[in-house]
Amino acid sequence: MKSAAGATVDLIVLAGGRGSRLGGALKPAVEVAGRTLLSRVLDARPVARHAVVVGPPAARPAAGERVSDALIWALEDPPFGGPVAGIAAGLTALAANADWVLVLACDLPWGADAARLLVAAASALETVGEQTVGDQTEGVHLTDDTGHAQWLAGIYRGPALRAAVARLGNGVNGASMRELLAGLHLMGLLDESEAGADVDTWEDVESSTARLAGAPTILSDPRSDPQ
């Protein structure tokens, strides 16, 4: 797909990891409000030209049979090498370079909403010819109201992301996102709608399910309930 400014966008979904905080559960297959986490993130596919899922073969059923067949699948070598190794594997699996690469973790129930926000932000940069204003912005990521950067809900210029991976060379396994993105000119996008809320624990599964179902939030301390 091309953004409003005519730039190409590819999608990498990171579906590896050990799910240690979920008792070793296969995170892509964990269900939130009746759907797997992976299937929810893959609702973002329409914003992208190509979509790569980096994860084990066991994750494929979680995408849904029809969707799975339309995806590119990859796996970092060795497995469980972390998100940077996953991004490297995803870039290798993409046959053609894209102007922008959308990177989403598989544990984002509102990943499709995040994708639309990020692609719109990237499109705006292209539209205004942002590179003529100063240093070119090489990526946009969501940021919560505490200032925490959600790098796995981000969109990055393809050439810049590939160069960052190449710079790490054989050091991609176990590398942090901070190491990968060091030196890139990034822009934080305030996540007012909490589209970047992720699922790390069973408590997160419950709260996300309730939110998707429109259930009222239960306060942990009843004394804080203003009545």
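The values are calculated or read from the model by the stated rules, or taken from the named source; none is laboratory data. Only a predicted model underlies this, so the values are computations on that prediction, with no experimental measurement involved. Here the Cβ is made from the backbone with ideal geometry for all residues, glycine too, and neighbour counts use every protein chain on show. Quick note on the areas: whole protein, heavy atoms, side chains included, nothing else; ligands and nucleic acids left out. Shrake-Rupley method; radii C 1.70, N 1.55, O 1.52, S 1.80 Å.
Odds and ends about this structure:
Results for (1) within 25 Å of A121 (Cβ to Cβ); (2) out of contact with any strand residue (DSSP E or B) (no Cβ under 6 Å at 6 or more places or on another chain); (3) surrounded by fewer than 21 Cβ atoms within 10 Å (Cβ to Cβ), shown as yes or no for each residue.
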{"position": "G6", "(1), (2), (3)": "yes, yes, yes"}
{"position": "G23", "(1), (2), (3)": "no, yes, yes"}
{"position": "V32", "(1), (2), (3)": "no, yes, no"}
{"position": "R35", "(1), (2), (3)": "no, yes, yes"}
{"position": "R45", "(1), (2), (3)": "yes, no, yes"}
{"position": "A48", "(1), (2), (3)": "yes, no, no"}
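- Checking each residue in segment 157-183 for being assigned to a helix (DSSP H, G or I) and of a type in the set (S, T, N, Q) picks out only N170.
- Comparison of V101, V84 shows that the only residue that is crowded, with 22+ Cβ neighbours inside 10 Å and assigned to a helix (DSSP H, G or I) is V84.
- Residue that is modelled with the lowest pLDDT [pool: residues in segment 104-153 that are open to solvent by 30 Å² or more (accessible area, probe 1.4 Å) and small (G, A, S)]: G134
- The lone criterion from (1) within 24 Å of V205 (Cα to Cα); (2) among the polar types (S, T, N, Q); (3) modelled with pLDDT of 95 or more left unmet by S20 is number (3).
- Among (1) over 18 Å from A115 (Cα atoms); (2) outside any helix (DSSP H, G or I) - the single one A59 does not satisfy: (2)
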